[in-house]
Structures are given as structure tokens and as C-alpha cells.
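Peer 1: Take a look at this one; I'll ask things after.
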């Protein structure tokens, strides 16, 4: 096995491990606490500066069976809500000292409080309100106060002193992380044949469970190794994938997209990990810099409302920037924010005559024949009808 | 605390029509509002210039700040009321199917779907009136994330300007000073926008008068809710409260609103004096959680009445505001009290466990026998986690709890026979628990 395959395999194992062994190992080694965060975006710099390992929770894929959580959340609630609760019920989340939720949707908000009621003896829960309006002084100032509040709370729990320097250090570390991810995506765009969708995905998602310093090292090494990779380009169609910003599609589905012949040159998987378009300044007031970053420097997302920047414009801009032939909408079943956005995207893409395919998935699914067929049929239509 | 009659009266009850003065007054007011909106629409067509050039503003029910619109003589458009009117008049399915044709998922909120299809069709209301194009889309994000999407869609398809009022979610009993300051700043920004679209200057004294009228209506509303503590209960605190919510949200801050609640209060006061209950023989007192199935509103109500069951409190009647626990708009601090209303005193912006506490309080102070959870597919704000709520009330608190599922808009999710079976089985068990005997034959 070459070095690159070794890195990617390790990342894949970490991503698929619902026992959170990497987090346990880190805690044992450092004595630090761990803080789980629910999608989509999280100010991880603040968590780490207060001495917590930020742990990104994105459900349990098809790796655990839902046996208890579905009696708490109805059949019309998306899988990630239930799998997260199931992870807690089965004890997998015992490794966490706390969990943080955001105002991304009504189901996630209620999950926060169901977690609090049932697991408050094991961990604390916090809820951060990320402003749902255009950027402006009031929103930045409010968000700064929210971040200040959580930093103070976490520092008290951990008995650590507040430190501007520590916050800046963390901004620097995560800026580097986001830069490396941007570089990976640029690589994928330029040389999609040399980096499979699953490979890029696991390299990125492994960062949910590792300390940022280690993750930065992994990404740097992967990029170095990738540079020397020379695989044969295929005759394929360039697309972007949109819609999987919270619940994540099964890895098998990513493989199918590649095998059917799509080059996914951009997507919104784990978009919270790379929300910022530019680095956050590691000088001045770091809390304020992070709040400004969220309000003024973040990419469009289904869970961030900005009346001055409609999402449809952002999607069209993305399509043009990447020079793709089509869009694959990949939505989690029952995802309200995503499914609503699809209506407006569809409306605009129809007008612009840009082809698209709509697919619904559930993270817990394990048969993919129907989707393969849909992806193949769409590919044929792209090759013959739109060609 | 009233004494509960533990004798089991007979449960043969005559067919109910659920009418009374309150219902007639409500109908009159809602019709008038629709006519007023139609007037604005006609004026927009440019062919009837004599009609007032008032503007109309779309906003949402939860923690609504209608007082601010009234201060600029702007009419409210409530897309939710439009959606529920379609459902209760059994017109929703047609629009839901049309919405699905344009790309809305079967799993999206039925309210949004019906309202958006209605808009895209340019249809007339059940009263043959039209809804005008709003001068402003005021997205008052008070708890419900679906509101944001709804208003984004309205903005996309109407081109009307959108103002977002971002109310931080209530995580503790009192908002933090930062949360309050954030809301106050936004209210002031909103006032500037309302000045612009209405062409009127903001007058704080005018707002004080409006807020004072709100407080008077709220006083009566709170006293009405208090009547539900009496045995027998003089009105249905789920179904009748839903009817009263129309004037509460549309006419709060007006003399008509005060008059409606004053007259309704007198009507119920009379019933209390005479010992007349809303169900002829009150046998069970229940608390209801979440919205009703509007496409089957009367059928659903009959399931309660046929067993002599009366709702004494409901969380749904608090979507737009909670007034039974002492909150009132305050003419001395009009803007501050509007902010507090949106932040704290409505069920949508309160967290899920605060809702558990509210229901517990209802059960205790309104002397209820049971909790009925009507989980609606459309509304995740209410329904996500209802299984946990059932677990808490039935297992931890040992309160008889019925959990049923359907929808507030989409008739395809309501199964009449299955729903009746569930209710009958529940009330039979409750009868046994309360009166210590089993039912003679089936109810209703």
C-alpha cells in the first residue's frame, strides 16, 4: 500500500467508526475534554481555545441500527436526528462532555432539549443562536455576545483562563485547516480523475474526530502525495452536488456517482468545515473576528438566511464558476431546509435551462440500485439530449 | 381549585353544533378583515381609486408584533390563516397537489405548500376575495425555521421587499441583556422601514394607545382562559380557543378586538354563573398539545365531545402569545413589551422543555385528567420529539397520555376510522381509571 492509500484508508476507518475511538484516544492522551457539535457550522476555534476537542457529529450513517430513537421522534423526521439520539442512547456519545446545537431547523432544536432531558447527568447541552438576517452591526454584535457567552461557560467548566492569545492561535490553526481543504477542492476541480469523491470526503470528514493539528498534518501529507498521482482521465461529466449540508450521504453513494461517470467538482458536504471564503484575521478581537466571519465571509448555505444574498444567485454563480454541465441535488429524506430550497433552485434552473437531477437519500440506507439507475439515466440524458 | 366531580354521569350526548355568540362575532370580524384586504387588492389593480390606499404587510402568527403595523395603519396578511382557511374549507388538497407539481416535497410543511400554490394560482379566498400583494414581507422569525423558508419563497415569487426580524431562541427563563438589545435594535430598524412603506411618521403615543388596547383584549383573553379552570368548563379551550385566535392576532390593538373579547368574556361568564359547560355532561378534562387537523376540524372535535371530554387548556392557542401567566403589553413601555412578547411570551420561541413545564402547569392548575398529543407531520416545531414528550408524561409523571398523528393541512394523513378507534380506546381506559368501571358499549 502506498503512502496516500494508507492515509486515505486511515481516514476512512476513522469516519466509519461510531465508537469514536480516535476521540477516546485523544482524551486519554491529553486529559482534555471533548465537545460534540451538531451541524452545520460551529465556531470550533472557541471550543478548542477553552480546552475542548471539537467533535463534529454527522449522524451514524448505516453503521448502527435505530432501535430506540424512533420511539422519540416520528417517522417523518430525518435520519440524522434519530441516529444522533440513538448514538447517545447506546452510550457511544459517553465520550463527550457536552454537546452544542444551533438554529438550523426545528427538528434539531427540539433534539437539543430531548438530549438535555435524557442525558444531563452525562453531559451538558448548549444552544447557540446564529443570526438569521443580513449582516449588519446588530447581528455581528449579538453573535459576538453569543460567542463570548459560550467561551466563558466552557472556560469555567474546564477551569481555564480566558485568553485572547489562545483564541488567535486557534484561528490560525483552523485557517490553515480551511486553506488545506480549499486546496484539496481546487485539486479536485483541476484533476478530478486523480482524487475520487469518497477519498476527498473521508480526508475532510476525519477532521471531525481529530485534533486540528493532526488533521492539518494529514491533509498536508495527502496533498503532497496527491501531487505525484497520475491516473488516467475519464470521459465524464462535470457536476456539482448540492443539498447534503447536514445529514451525510452513505459513502457507497459517493462511489456510485464516480463509477457512473460524474466528476463532482464541488459539493456542500460538511460545508460548516469550510464555511469561510477567506481567512479569519488572527489579530484584533478574535471573538468579534469569528462573528464577522460568519456574518460577512461565509458561503451560501441552506441554514443561513440572508435576504440580501438569495441562495439561487449563489448556486448560479457556483455553476458558472466551476463550468459544470449539471447539478445533482442530493437531499436527505425529510430535510425541511433542503427540500424547500430545491423548489427555488428548480424554478431558476428550469428558466436557465440547466439540467439537474433530484435524489433523496437516507444515511441509514444500504441498497443503492434505484439511485444508480437514476444517476445512469441522467448521465445518458446529459450525453445525448443536452450534448 | 374547583372540585372535580368523581361521579360518572351518563355519556349519551346530543349532536353538537358548537355555535354561540363568540362564533358569530368571530366570523363577522374575519370576514371584515378579508374584505379590507380585498379593498387593498382592488386598489392595487388601479381601477377603484376611491378605496383607501392602505398597505398590507405579511407576517407570521408566532409572537406577532401586530401592534407595530397598526401604528402605521397597515393591515396584516397572515399566510398561516390563509392556509388554515383553505384546509378547514376542504380546499387544501387541490393546492397541495399543485404545490407538489412545482417541486414541493410531500414532506414539506403543508401550510407553506397550500399558501404558495394559492399565491402562484392567483386564486380567490373561500369568501371570493383576493389577497393583495404585500408592501412588505415581515419575516418575524420567532422560533419556527419554516417561517424563514416560507418568506424566502414569498419574496422569490412576489418580488416584495423582505425584512427579517431575527428573534434569538429562548434558552433560559429570561432572555439575556444581549438578546433583548439585539431585538430592540431590530425593532427600531423595522420602524424606519414601516415609516417608509406607509409614508407616516412613527408616533410613540399612537403606539401607546394601540398597546393599551392590546392589553385590554389580553386581559379578557386571560380571564377567559381562567374560566376553563371551572367545572364544568364553559368553552372548549382547544377548539374554541382556535376560533378566538383569529381576532386575537388580526384585531389585537384595535377597539374591535377589545369589544370581541369583552363580549366573549360576558358570554362565558354567563355560562359560568349558570353552571353550563361546553359539553353537556363534562366527564373528562384534557390538555391538548399541538395544532388541530383542520381538514377534519369538526370530526376531530366530535371525538372529544362524544365522550364528554372537554379541553381545558392547549399549547396551540399560545402560538401567537401566552397571556394566561400574567404577561401584558405595556403602554408605559410599548417597544420593550413588544420585544418581550416575541422573545418570551409565546410558545414557539420557548424551548421544548419549557413546553413540558407549561403542560404540567396546565394539568395541575386546570385540573386535567389527561394529555392528548396530536402530532402533525407538517409542523416539526411542535412534533419533533413528541415521542419523548409522551414518554415523560405517561411514564415519568404517570399522566394518561394519548398520542395520535395526522396533519394540520393535508387530509391524506388523517384516517377517520383509525383516529376514532384510538380515541375510543383511550377514553375507555381513562373512564376505567377515573370512574373505576368499564364502558357500556362504544361511545359516540
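Peer 1: How large is log10 of I(q)/I(0) for region A:134-257 at q = 0.14, 0.15, 0.20 Å⁻¹ when the intensity is taken from the Debye formula with one equal scatterer per alpha-carbon?
Peer 2: Rounded to two decimals, the profile gives -0.83, -0.91, -1.21.
Peer 1: Mind pulling the angle between the C-alpha long axis of helix B:21-45 and the longest principal axis of chain B? Nearest 10 degrees, somewhere in 0 to 90.
Peer 2: With rounding to tens, the tilt is 30 degrees.
Peer 1: OK, next. For chain A, what does the helix formula give at 222 nm: sum of -39500 (n - 2.57) over DSSP H segments with n ≥ 4, over the residue count, nearest 500 deg cm²/dmol?
Peer 2: -16000 deg cm²/dmol
Peer 1: What number does chain B give for Rg over Rh if you use C-alpha atoms and the Kirkwood radius?
Peer 2: Answer for chain B: 0.96.
Peer 1: Right, next: Rounded to the nearest 500 deg cm²/dmol, what is the calculated helix-only ellipticity per residue at 222 nm for chain B, with -39500 (n - 2.57) per DSSP H run of length n ≥ 4?
Peer 2: Details: 16 runs with 216 residues, N = 444.
Calculated from helices alone, the mean residue ellipticity at 222 nm is -15500 deg cm²/dmol.
Peer 1: Go from 0 up to the bin containing the longest alpha carbon distance in region B:24-202, width 5 Å each, and give me the % of pairs per bin.
Peer 2: For region B:24-202, the binned pair fractions read 1, 8, 15, 19, 20, 16, 11, 7, 3, 0, 0 percent.
Peer 1: Quickly rank B:235-246, B:262-273, A:146-157 as a protection proxy: mean count of other C-beta atoms within 10 Å, highest first. All intermediate terms of the calculation are to be shown ahead of the outcome.
Peer 2: On the way: B:235-246: 24.1, B:262-273: 16.1, A:146-157: 18.2.
Peptide ranking by packing, descending: B:235-246, A:146-157, B:262-273.
Peer 1: Using only Cα atoms, find the angle between the long axis of helix A:3-16 and the longest principal axis of chain A, and express it within 0 to 90 degrees, rounded to the nearest 10.
Peer 2: Computed tilt is about 70 degrees.
Peer 1: Once both axes come from the Cα atoms, what is the angle between helix B:79-88 and the longest principal axis of chain B, in degrees from 0 to 90, rounded to 10?
Peer 2: Roughly 40 degrees between the two axes.
Peer 1: Ok, one more. For region A:217-289, count all C-alpha to C-alpha pairs, find those more than 21 Å apart, and express that count as a whole percent of the total.
Peer 2: The proportion of pairs with Cα distances above 21 Å equals 52 percent.
Peer 1: While we're here: Classify region B:207-435 as rounded, prolate or oblate from the Cα gyration tensor: take a ≥ b ≥ c as the square roots of its eigenvalues, call it rounded if a/c is under 1.5, otherwise prolate when a/b beats b/c and oblate if not. It would help to have the intermediate numbers written out before the result.
Peer 2: Values: a/c = 1.79, a/b = 1.44, b/c = 1.25.
The shape class here is prolate.
Peer 1: Going by average Cβ density within 10 Å per residue, which order do the peptides A:216-225, A:264-273 take, highest to lowest?
Peer 2: A:264-273, A:216-225
Peer 1: Moving on to the next point. Tell me the relative contact order for region A:20-161 as a rounded percent, counting alpha carbon contacts under 8 Å between residues six or more apart.
Peer 2: 24 percent
Peer 1: Could you tell me the relative contact order of region B:24-202? Use alpha-carbon pairs under 8 Å, at least six residues apart, and round to a whole percent.
Peer 2: With pairs under 8 Å counted, the relative contact order is 24 percent.
Peer 1: Roughly what % of DSSP beta bridges within chain A run antiparallel, to the nearest 5?
Peer 2: Details: 1 of 28 bridges.
Rounded to the nearest five, the antiparallel share is 5 percent.
Peer 1: How big is region B:201-287 by the Kirkwood estimate over distinct Cα pairs, in Å?
Peer 2: Hydrodynamic radius (Kirkwood, Cα only) of region B:201-287 equals 13.8 Å.
Peer 1: Normalised by the residues of chain A, what does the relative contact order come to in percent, with Cα pairs under 8 Å and at least six apart?
Peer 2: That works out to 21 percent.
Peer 1: If you average the alpha carbon positions of region A:316-387 and of region B:138-200, how far apart do those two centres end up, in angstrom?
Peer 2: Their Cα centres are 32 Å away from one another.
Peer 1: Oh, and also: Which FRET efficiency value, to the nearest 0.05, is calculated for residue A:283 and residue A:157 with the Förster distance at 25 angstrom and r the Cβ-Cβ distance?
Peer 2: Result of the calculation: an efficiency of 0.35.
Peer 1: What is the distance in Å between the Cα centres of region B:289-359 and region A:73-128?
Peer 2: Going from one Cα centre to the other spans 26 Å.
Peer 1: Taking square-rooted eigenvalues a ≥ b ≥ c of the alpha carbon gyration tensor, is chain A rounded, prolate or oblate, where a/c under 1.5 means rounded and, failing that, a/b exceeding b/c means prolate? Please report the intermediate quantities before stating the final value.
Peer 2: Working: a/c = 1.39, a/b = 1.39, b/c = 1.00.
Here chain A falls in the rounded category.
Peer 1: Something else about it: What is the protein assembly as shown by shape, rounded, prolate or oblate, if you read a ≥ b ≥ c off the alpha carbon gyration tensor as root eigenvalues and call it rounded for a/c under 1.5, prolate for a/b larger than b/c, and oblate otherwise?
Peer 2: Prolate.
Peer 1: Between region A:207-239 and region A:279-311, how many Å separate their Cα centres?
Peer 2: 26 Å
None of the figures in this text is laboratory data; all of them are computed from the coordinates on show. Here the structure is a predicted model, which means the values were calculated and not measured. Methodologically, a virtual Cβ is constructed for each residue, glycine included, from the backbone with ideal geometry; neighbour enumeration extends over all protein chains shown.
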